[in-house]
Amino acid sequence: DQQVKQNSPSLSVQEGRISILNCDYTNSMFDYFLWYKKYPAEGPTFLISISSIKDKNEDGRFTVFLNKSAKHLSLHIVPSQPGDSAVYFCAASRVGTYKYIFGTGTRLKVLA
Amino acid sequence: NAGVTQTPKFQVLKTGQSMTLQCAQDMNHNSMYWYRQDPGMGLRLIYYSASEGTTDKGEVPNGYNVSRLNKREFSLRLESAAPSQTSVYFCASRPLASYEQYFGPGTRLTVT
């Protein structure tokens, strides 16, 4: 039972345009969500997070939106740059616990 | 600051052999984690240690054991390797007051 789903395995976007990566979750107990970026042959690096008490969090070119009623979050990258080409994972956790459930990842390719 | 280090980077084992994957962090983080990443499966939690002296099972603990040697080090042991354990293994750490995890560069393990 996949509790965190990233239904798009890959996405291609032109440089300068918006990239939108989606993530759905099934467990309503999750209340903290994170996005990680991963380059080949490296470990994932933290990008941005959001608590369930918010519906939006912004950090430079990256914005995460959370829709609790739909159990859906999205990561917007504006403008997209070739260096953003990587695999993006969403992850979910419960405040007060130490466990994380990761999605299967979306490979983003930004075309120059 | 080296962050999270993992040794070895690559390893090939024969079925039935044992080995220990080493992980160390120099950021004084309380929690440490072991994940495996397989194609199409995302990152799956094997074991975690919320704090020094404690360890708990994650999603896929079978065939593995862990030791939280001290605050810095968290090792993962395969007692009798199987081809199904061929994967990339990532160690991560997390500070007490944050949900952000810091990942090591990974160990690529092949079991033949």
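The values are calculated or read from the model by the stated rules, or taken from the named source; none is laboratory data. A quick note: this is a predicted structure, and the numbers were derived from the prediction, not measured. Here the Cβ positions follow ideal geometry from the backbone for every residue, glycine too, while neighbour counts run over all protein chains shown.
The set of residues from region A:1-55 being of a type in the set (A, V, I, L, M, F, W, C) and within 15 Å of A:Val78 (Cα to Cα) comprises A:Leu11, A:Val13, A:Ile18, A:Ile20, A:Leu21, A:Leu47, A:Ile48.
The residue that is modelled with the lowest pLDDT, among those in region A:79-112 that are of a type in the set (A, V, I, L, M, F, W, C) and more than 18 Å from A:Val4 (Cβ to Cβ), is A:Ala112.
Taking region B:1-32 as the range and being among the basic types (Lys, Arg) and either surrounded by 15 or more Cβ atoms within 10 Å (Cβ to Cβ) or more than 22 Å from B:Leu45 (Cα to Cα) (or both) as the test, only B:Lys14 passes.
Scanning region B:49-80 for residues that are within 15 Å of the chain's Cα centre (by Cα) and touching a residue at least 40 places away in the same chain (Cβ under 8 Å) turns up B:Lys71, B:Arg72, B:Glu73, B:Phe74, B:Ser75, B:Leu76, B:Arg77, B:Leu78, B:Glu79.
Looking across region A:65-98, the residues that are charged (D, E, K, R) and surrounded by fewer than 16 Cβ atoms within 10 Å (Cβ to Cβ) come down to A:Lys68, A:Arg94.
Matching residues to (1) over 30 Å from B:Thr107 (Cα atoms); (2) more than 13 Å from chain B (Cβ to nearest Cβ):
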site: A:Leu11; (1), (2): no, yes
site: A:Gln14; (1), (2): yes, yes
site: A:Asp24; (1), (2): no, yes
site: A:Pro40; (1), (2): no, no
site: A:Pro44; (1), (2): no, no
site: A:Glu58; (1), (2): yes, yes
site: A:Asn67; (1), (2): yes, yes
site: A:His72; (1), (2): yes, yes
site: A:Leu75; (1), (2): no, yes
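Tally up the residues in region A:86-112 that are at the interface with chain B (Cβ under 10 Å from one of its Cβ atoms), more than 15 Å from A:Tyr25 (Cα to Cα) and of a type in the set (Val, Ile, Thr), please. Counting residues in region A:86-112 that are at the interface with chain B (Cβ under 10 Å from one of its Cβ atoms), more than 15 Å from A:Tyr25 (Cα to Cα) and of a type in the set (Val, Ile, Thr) gives 3.
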